[in-house]
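**Student:** Let me begin by handing over the structure; questions about it come next.
Each reported figure results from applying straightforward, stated rules to the coordinates on display, with no laboratory input. Fair warning: this is a prediction, and the values are worked out from it, not measured in the lab. When we count neighbours, we look across all protein chains shown, and the Cβ atoms used for this are built from the backbone with ideal geometry, even at glycine.
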Amino acid sequence: MIELEKTYLAKELPDLSNAKHKDMLDVYIPKDSVHPTLRLRKNGNEYEMTKKEPIDNDPSKQLEQTIPLTKSEFEELSQLAGKRVHKKRYLFEHKGRIAEIDVFLGGLEGLVLIDFEFEKEEEKDSFKMPDFCLVDITQEVFVAGGMICGKSYSDIKSDLARFNYKKIDSKLL
């Protein structure tokens, strides 16, 4: 499957009081890889293993291969040495589209990324950034899941500063 998406840094949080959300845990392997492309994911009560690789060096187009896992398979595989990321994902409706708003927890607390997925390239290319977003960072490798896994906010602070990103207090949720 080919995934088409745009990723933004959040400027602020929209009203998420009625948005559905799930607790997510990602484990990227192998641990010693600079940018691992294999991910184990706990998404609420669903579990999967996914491999994502950019097509033609374009992070907005990725070949995504996913295998559903049982809870016991996930628990067994997640014991492997890997880089972890913990977040809450909110599903927020914006002008007929669903925004996936990832509010990071733990060492990355303060980071909020917003993804929009598209069916067609034309939709992706003509999409206008919402006002609660700061900047399109789709082409920025430093925020890819395989790159931020295992890192802390201070590890990516200088990259975020290039965009005048201000830490977002997730305790407001």
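**Student:** Using just the helices of the chain, give the 222 nm mean residue ellipticity in deg cm²/dmol: DSSP H runs with n ≥ 4 each add -39,500 (n - 2.57), and the total is spread over all residues, rounded to 500.
**Tutor:** -3500 deg cm²/dmol
**Student:** OK, next. Based on alpha-carbon positions alone, could you give the equivalent ellipsoid semi-axes of the chain from the gyration tensor, as √(5λ), descending, whole Å?
**Tutor:** Result for the chain: semi-axes of 23, 19, 17 Å.
**Student:** Could I ask something else about it? Give, in nm to one decimal, the length gained when the segment between LYS151 and GLU100 is fully stretched (0.36 nm per residue of separation minus the Cα-Cα distance).
**Tutor:** 16.3 nm
**Student:** Can you give the charge dipole size of the chain about its Cα centre, rounded to the nearest 20 debye, using +1 on the beta carbon of Lys and Arg and -1 on the beta carbon of Asp and Glu?
**Tutor:** 640 debye
**Student:** Using Cα pairs closer than 8 Å and at least 6 residues apart in sequence, work out the relative contact order for the stretch 2-172, in percent.
**Tutor:** In percent, rounded to a whole number, it is 30.
**Student:** My understanding is that a pair violates if its Cα-Cα distance is over 32 Å; which of LYS128/LYS166; LYS128/LYS151; LYS31/LYS128; LYS6/LYS151; LYS71/LYS167 do that in this structure?
**Tutor:** Where the Cα-Cα span goes over 32 Å, the pairs concerned are LYS31/LYS128; LYS71/LYS167.
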